[in-house]
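Some notes on the structure that comes next.
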Amino acid sequence: MRYAEASYSGEGGAAREPAIANSVFGVLVFIVTEVMFFIALISAFLVTKANALQWPPPDQPRLPIAATAFNTLVLLVSAVILFQAGKAFQREGFAKRTEQLFLLALGLGTFFVVFQGFEWARLLSFGLTLQSSSYGSFFYVIIGAHALHAVGALAGMARLYIKMKQRQLRLQSFQAGLVFWYFVVGVWPILYVLVYLT
Amino acid sequence: MAEVATQTAHQDGHHDHEEPSFWSKYVFSTDHKIIGFQYLFTGLAMAIIGGFFSYVFRMQLAFPGSSVPFYGVVSPAAYNMLITNHGTIMIFWVAMPVLIAALGNFLIPLMIGCDDMVFPKLNRLSYQIFLLSTIVLIASFFVPQGGFGGAWTSYTPLSAKAEYNGTPFGAPLWLLAVTLEIVAFLIGGINFITTTMNARAKGMKLYDIPMVVWMIVIASILFMASVGPLVAGAVMLFFDQVLGTSFFDPAAGGDPVLWQHLFWFFGHPEVYVVLLPAMGVVAEIMCTFARKKLFGYKMILYSSVGLGILSFFVWAHHQFISGVDPRAAYLFTTTTLLISIPVAIMLFAFIATLWGGSIKFNTPMLFAMAFLGEFLIGGVTGIWLGSSGVDVYLHDTYFVLAHFHYTFVPIAVIAVFAAIYYWFPKMFGRMMNDTWGKIHFWGTIIPFNGIFLPLFVLGASGQHRRIYNFQNFPDLASENFQDLRIFATGSLIVLILFQIPFFVNFIVSLKRGEKASRNPWKSNTLEWVAPSPPPHGNFGDELPVVYRGPYEYSVEDREEDYWPQNQPPQAAARS
């Protein structure tokens, strides 16, 4: 008679608030897959690096460490600002400040992607291509996978921004977007250290 | 929670009561039951293709060089393409869609008592991507130079360069199809896990969830956690094939064994991804037809979690002869032997469930019991192969082939038939014919053993897996070996012929079968509360409330020997 208590009056189908909202939960499950995806790419890269006689290969251009450090900073700041936007949305709902913070974070994210694009163009012109060496192959696949995630996340968040403008954004959708962007930002420093620095 | 699910469903304009058109009802539906059926029928259609492929190459092995009826003469390239795509289809386009996607979609919302998945549109997208992947795979058979023939494991460097595998179009298309299919199940998996965690009926605690739902959820978690490396590997392999990179080319600094690691890191958990739902199906059926409580519910649940965790540490037992360090092989042997413990716990729990029950031997129950016996053979031979010392001798022989068919056939064929016979009344509102079901059962089980027992013998005698014509090898061309091959092929043909009664029974029962009541098996779980077949929204206006666990059979002091989860405790007990 476990459920014989009075709390179940039998009206049926009344909602109980889930601990984590559906959209956020779905994104978290997806992030598990994403983490494993990046772990696989990185470990494949590390194995190849460990087996190579010389790394990076002597005839290949070096990666832009300082410029990318600056870009990393930009990305991290975007996450902080997005966090503020999330807090503002939770507290004040549809407010001017929320929209401004959200837009600023989006702008910084876009800056990161565009800056990366310019760096890629320069590296290509120096002779680092997908086919030039396994160094180049791994660089473009790993960093490109991250860039695709960033572009996808930005596109999704742009859609959220439009919905926010129209006063139709649900809190859980916004939070799902935030969580995914934290993932995109959080994985980047690891990639920076493993691919650029070592 | 149910409200949350309803909300999402309502956004699709999904509960309007006017009669929807054929297209929006069956093709672009967001209803979880329709999507389940789409997966089921696509899976069954692919099973026919995969079965036909096995018939063609088994005929080639039994009667090498002669023309195969309905196909013609099998060339070596065609033989490779047939075995490759037989494996690919049976695992990715039959076992996965039917066991996980079809059963998961149909059963999860019904068994946890909600009206639909929490992300109905994503669910529809999942099937559409799956359908696209199916079309790409089938297209890959017909491109110039034929379909991919590098085995379903697609080992590099053979698969990476067109000059090695000879299929410049087939290989990338095959890889694309597999990747798309995986994306489809990824989306489905997110839906299954989130729905089960967030949208359960009021009163349904974690330990009140029916075992099959738990198993599908755990399998989905395993899938989500293991599939990332395969996607990463697939991207790298696709780049090698199409863009000329050299991830897996040793000549240019790549590493061919890397692919094996990425593939098997997914590939081995994948075995358990399909095993667990089959175990869940068997658990439901055994409890219903033994009229007994599931023995050791929590033990089975914890075992499956332990099994899931262990399954991430066994992958290299596929690579004992790929140059893996012998010390690492020792570790992987240990984990592989360990993983048989949780599986054994589950099998014993099912046997204990049968113990002292009043067992009803109808078709679903027969299939469920056959699953135990046949899977046991697969499991025990797996222990031999998991020991690196034995594996060095048996690797890539028919022994391995027979072993994994003794695991996959019980999973993807026997358990699936059990599930279809058991849930057919709920799916389509009519009963299947039990006599024809039993004929189908014996006609499936006996020839199945007839195919694969001889292959154990052949494998132990050293017959290699991937040979087109054994007559070219004096050691393997002897007459008694050939007799065993012919016997296996003959058994396969008998098996295929005995599927005709199933299909006829299925189609005739759809139209003419005896009408099913809501709860024809007198079962406890929530899907039997809904009408047969369940309408849009499953339970009508009022979602069920759960008061007890799913397996309260033969409870003392009750008139009925079952006690549905949604039945309120007697008024007397409450006042």
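The values are calculated or read from the model by the stated rules, or taken from the named source; none is laboratory data. Predicted model, so just to flag it, every value in this text is computed and none were measured. Because the Cβ atoms are built from the backbone with ideal geometry, glycine has one as well, and the counts that use them run over all protein chains shown.
Some values worked out for this structure:
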item: Cβ pairs under 6 Å, 6+ apart, first in the range A:117-134 and within 14 Å of another protein chain (Cβ to nearest Cβ) and in contact (Cβ under 8 Å) with a residue 24 or more places away in the chain, second of a type outside the set (Gly, Ala, Ser) and part of a helix (DSSP H, G or I); result: A:Ser134/A:Thr48
item: Meets criteria (closer than 22 Å to A:Gly186 by Cα, more than 13 Å from chain B (Cβ to nearest Cβ) and at pLDDT 90 or above) for A:Ser43; result: no
item: Qualifying residue in the range A:153-161 (condition: within 30 Å of A:Arg62 (Cβ to Cβ) and not β-branched (Val, Ile, Thr)); result: yes
item: Helices (runs of 4 or more DSSP H) completely within the range B:327-423 that count 2 or more residues being more than 20 Å from B:Ala488 (Cβ to Cβ) and not hydrophobic (A, V, I, L, M, F, W, C); result: B:340-354, B:363-386, B:388-394
item: Tally of residues being more than 29 Å from the chain's Cα centre (by Cα) and either crowded, with 21+ Cβ neighbours inside 10 Å or assigned to a loop (DSSP other than H, G, I, E, B) (or both) across the range B:242-278; result: 10
item: Candidate set from the range B:214-241 (those that are among the β-branched types (Val, Ile, Thr) and closer than 16 Å to B:Phe192 by Cβ); member that is surrounded by the most Cβ atoms within 10 Å (Cβ to Cβ); result: B:Ile216
item: Odd one out for B:Ser246 among (1) modelled with pLDDT of 90 or more; (2) in contact with a Gly (Cβ under 9 Å, 6 or more places away or on another chain); result: (1)
item: Selection within the range A:15-27 - in contact (Cβ under 8 Å) with a residue 24 or more places away in the chain, within 9 Å of chain B (Cβ to nearest Cβ) and assigned to a helix (DSSP H, G or I); result: A:Asn22, A:Ser23, A:Gly26, A:Val27
item: Top-ranked residue of the range B:534-561 - restricted to ones that are touching a residue at least 60 places away in the same chain (Cβ under 8 Å) and more than 30 Å from B:Leu354 (Cβ to Cβ), ranked as surrounded by the most Cβ atoms within 10 Å (Cβ to Cβ); result: B:Leu543
item: Lone unmet requirement of (1) crowded, with 20+ Cβ neighbours inside 10 Å; (2) farther than 30 Å from A:Val29 by Cα for B:Met96; result: (2)
item: Count of the range B:203-241 residues which are more than 7 Å from every other protein chain (Cβ to nearest Cβ), more than 23 Å from the chain's Cα centre (by Cα), farther than 20 Å from B:Asn165 by Cα and not aromatic (Phe, Trp, Tyr); result: 4
item: Options B:Thr156, B:Thr195: the member that is touching a helix residue (DSSP H, G or I) at 6+ places or on another chain (Cβ under 8 Å), buried (at least 24 other Cβ atoms within 10 Å of the Cβ) and more than 10 Å from chain A (Cβ to nearest Cβ); result: B:Thr156
item: Test result for A:Ser78, at negative phi, at pLDDT 90 or above, in contact with a helix residue (DSSP H, G or I) (Cβ under 9 Å, 6 or more places away or on another chain) and within 10 Å of chain B (Cβ to nearest Cβ); result: no
item: Residue count, the range A:91-148 (criterion: within 23 Å of B:Met236 (Cβ to Cβ), surrounded by 20 or more Cβ atoms within 10 Å (Cβ to Cβ) and of a type in the set (Phe, Trp, Tyr)); result: 4
item: Single residue of the range A:48-68 satisfying the filter (exposed (fewer than 14 other Cβ atoms within 10 Å of the Cβ) and part of a helix (DSSP H, G or I)) that is farthest from the other protein chains (Cβ to nearest Cβ); result: A:Ala66
item: Check on B:Glu527, among the charged types (D, E, K, R) and either within 18 Å of B:Phe106 (Cα to Cα) or surrounded by 14 or more Cβ atoms within 10 Å (Cβ to Cβ) (or both); result: yes
item: In the range B:441-474, the residues that are of a type outside the set (D, E, K, R), in a loop (DSSP other than H, G, I, E, B) and in contact with a helix residue (DSSP H, G or I) (Cβ under 8 Å, 6 or more places away or on another chain); result: B:Ser461, B:Gln463, B:Tyr468, B:Asn469
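Listed here are the residues, each with its yes/no results for (1) within 23 Å of B:Phe141 (Cβ to Cβ); (2) in contact with a His (Cβ under 9 Å, 6 or more places away or on another chain); (3) part of a helix (DSSP H, G or I).
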| residue | (1), (2), (3) |
| --- | --- |
| B:Tyr26 | no, no, yes |
| B:Thr30 | no, yes, no |
| B:Lys33 | no, yes, yes |
| B:Gly43 | yes, no, yes |
| B:Gly65 | yes, no, no |
| B:Val74 | yes, no, no |
